[in-house]
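To start, the structure itself, in structure tokens.
The values are calculated or read from the model by the stated rules, or taken from the named source; none is laboratory data. These numbers come from a predicted model, not from an experiment. Cβ placement follows ideal geometry from the backbone for every residue including glycine, while neighbour counts extend to all protein chains displayed. Quick note on the areas: whole protein, heavy atoms, side chains included, nothing else; ligands and nucleic acids left out. Shrake-Rupley method; radii C 1.70, N 1.55, O 1.52, S 1.80 Å.
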Amino acid sequence: LAWGGDVATLADADLAPLDTPAAQALMLQLAKYPDMLTAAAQGFAPHDVTFYLRELAGRLHRYYTLSPVLAAGSPALTQARLALLMAVAQVIGNGLALLGVTAPDKM
């Protein structure tokens, strides 16, 4: 994603415009992260983290295919979509780091 903006500006983004089923599914998957992580740690089940990350990546792919980010149509929608993508990137990065896996900064 060739946005080039400051990620800190997305902290206050209004997520209300993210009302599509794909966006909702992606946000719901993000919301599962803390509970999944707790259960994986308590159950000594690092594979649960990999399964979660795979599902999150799949939901991201579906969302990104259906929802143009930089050509969203309005600045508010663009900001909301960028905030969602950055949240997904953060969670994927954290999950991979917990597994000891490194990932490129960009592809």
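So what is the orientation-averaged projected area of the chain, using the convex hull of its C-alpha atoms, in nm²?
Details: hull surface 27.8 nm².
One quarter of the hull surface, i.e. the mean projection, equals 7.0 nm².
Any idea what angle helix 21-31 forms with the longest principal axis of the chain, computed on alpha-carbon atoms, 0 to 90 degrees, nearest 10?
Tilt of helix 21-31: around 40 degrees.
Compare 74, 67 by solvent-accessible area with a 1.4 Å probe and give them largest first, with all protein chains kept in place.
74, 67
Given 10 °C and 1.306 mPa s, how large is the Stokes-Einstein diffusion coefficient of the stretch 47-103 in µm²/s, with Rh as the Kirkwood radius over Cα pairs?
Result for D is 130 µm²/s.
Name the residue farthest towards the positive end of the dipole of the chain from the options 23, 69, 50, assuming +1 on Cβ of Lys and Arg, -1 on Cβ of Asp and Glu, about the Cα centre.
50
Hey, got a sec? Which chymotrypsin sites (Phe, Trp or Tyr not before Pro) in the stretch 44-107 land in a DSSP loop and have at most 14 other Cβ atoms within 10 Å?
Hits after loop and neighbour filter: 44.
Given a 1.4 Å probe and every protein chain left where it sits, what share in percent of the accessible area of the chain is carbon and sulfur?
On the way: 4210 of 6810 Å².
Summing carbon and sulfur atoms, their accessible area is 62 percent of the total for the chain.
Quick check for you: with a 1.4 Å probe and neighbouring chains kept, what is the accessible area per residue of the chain, in Å²?
Result: 64 Å² of accessible area for each residue.
Given a cut-off of under 8 Å on Cα pairs at least six residues apart, what relative contact order in percent is computed for the chain? Provide the component values of the computation, followed by the final result.
On the way: 71 pairs, mean separation 40.4, N = 107.
Normalised by residue count, the contact order of the chain is 38 percent.
Just to be sure I understand: if I project the alpha-carbon convex hull of the stretch 1-62 onto a plane and average over all orientations, what area do I get in nm²?
On the way: hull surface 22.0 nm².
Hull-based average projected area comes out at 5.5 nm².
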